[in-house]
Amino acid sequence: MELTDRQEKILQIVKENGPITGENIADRLDLTRATLRPDLAILTMSGFLDARPRVGYFYTGKTGSELLTEKVKKITVKEYQSPPIVVREDVSVYDAITTIFLEDIGTLFVVDNHSCLVGVLSRKDLLRASIGNKELTKVPVHIIMTRMPNISMCRPDDLLLDAGKILINNQIDGLPVVKQSTHGLEVVGRITKTTTTKAFIELVLDENL
Ligand code: ADP
């Protein structure tokens, strides 16, 4: 986050004199407390300053990148997950390919009739099954999918950072987000390379960071 000249000055004053009241900071800058209020709010929200009632403002000593790291380490999967796109295990490879085009996605999750996870289908799984095979309407996806228990997944309360590490370490494009249900692991969302990139971009563009 880019600080304004005035915010830099406030930081300097608090660094040298903290804890210091808002009134005192305003006096030193020849401004009113009301004029400073938005700047103090931004500096406090973004973590550069801390405020204690009846004590005043003090400098947290954290750099911009430390604050960014702190924020990244708090983001959970449920804040960024997309809706899951699923197919049943008996649909054909042909229909799975159609779904990938219609939904404009790369990874399909395969579920049983309780909506519980049984497999994953990537673009290349479908491509591989299609090479030299003219009868794609007759091949059910459960024959070609990667199946349980070999599926990497995450849960809504997991850190997005940990989900991102799984994507990179396992060299895959997507993870199902699952919740335990009576019949197995219900698919409730998806985390993909796009999701994690989006979180990263939003965070960097966030004015209040
Ligand atoms: P692509 O194959 O289109 O490059 P991926 O890299 O995501 O896409 O998939 C590579 C292989 O890993 C595929 O065989 C796919 O079935 C499998 N795969 C994809 N996602 C997962 C997952 N979450 N857990 C286990 N295997 C997966």
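The values are calculated or read from the model by the stated rules, or taken from the named source; none is laboratory data. These figures come from a predicted structure and were not determined experimentally. Reconstructed Cβ throughout: ideal geometry from the backbone, glycine too, with neighbour counts over all protein chains shown. Remember, those area values only see protein heavy atoms, side chains included, never the ligands or the DNA or RNA. Shrake-Rupley method; radii C 1.70, N 1.55, O 1.52, S 1.80 Å.
Rounded to the nearest whole Hz, the Karplus-based 3J(HN,Hα) values (6.51 cos²θ - 1.76 cosθ + 1.60, θ = phi - 60°) of the stretch 164-174 follow the sequence x, 5, 5, 4, 5, 5, 8, 6, 10, 8, x, with x at glycine and proline. Put simply, the convex hull of the Cα atoms in the chain casts, on average, a shadow of 15.6 nm². Heavy atoms of the protein chains alone define the surface here; on that basis the chain has 60 Å² accessible area per residue at 1.4 Å probe size.
Per atom type, the chain shows carbon and sulfur on 52% of its accessible surface, probed at 1.4 Å.
A cut-off of 5 Å between modelled amide H atoms, ignoring neighbours fewer than 5 places along the same chain, links ILE75 with LEU160. Evaluating 6.51 cos²θ - 1.76 cosθ + 1.60 at θ = phi - 60° for every residue in the stretch 21-34, the Karplus couplings come out as 7, x, 4, 5, 4, 4, 4, 5, 9, 6, 10, 8, 4, 5 Hz, glycine and proline recorded as x.
Given a Förster radius of 30 Å and the C-beta distance between ASP206 and HIS183 as r, what FRET efficiency does 1/(1 + (r/R0)^6) yield to the nearest 0.05? Walk me through the intermediate numbers first.
On the way: r = 40 Å, r/R0 = 1.32.
Given R0 = 30 Å and the Cβ-Cβ separation, E is 0.15.
Calculate, for LYS198 and GLU70, the FRET efficiency according to 1/(1 + (r/R0)^6) with r their C-beta to C-beta distance and R0 25 Å; round to the nearest 0.05.
Efficiency, from the Cβ-Cβ distance: 0.80.
The modelled label-to-label distance between LEU3 and ARG37, using points 7 Å beyond Cα along the C-beta direction, is 2.2 nm. Using 11 Å as the cut-off for backbone N distance, which residues of the stretch 30-47 belong to the label zone defined by a point 7 Å from the Cα of ASN17 along Cα→Cβ? Hits in the stretch 30-47 for ASN17 at 11 Å: 30-31. Round to the nearest 10 and give me the degree value, 0 to 90, for the angle of helix 5-17's Cα axis relative to the longest principal axis of the chain. That helix lies at roughly 70 degrees to the long axis.
Over the stretch 80-186, what is the relative contact order in whole percent, taking alpha-carbon pairs under 8 Å and six or more residues apart? If you can, show how the numbers build up before the last one.
Working: 148 pairs, mean separation 30.1, N = 107.
Answer for the stretch 80-186 is 28 percent.
Residues whose amide H comes within less than 5 Å of that of LEU185, counting only those at least five positions distant or on another chain, are LEU117 (H built at 1.01 Å from N in the peptide plane). Taking a straight line from the alpha carbon of LYS73, these lysines sit under 16 Å away, with near neighbours fewer than eight places off in the same chain left out: LYS62, LYS165, LYS198.
Rounded to whole numbers, the Karplus 3J(HN,Hα) couplings from phi for the stretch 89-105 are 5, 9, 6, 7, 4, 4, 5, 5, 4, 4, 4, 4, 6, 5, 8, 6, 10 Hz, using 6.51 cos²θ - 1.76 cosθ + 1.60 with θ = phi - 60°, and x at Gly and Pro.
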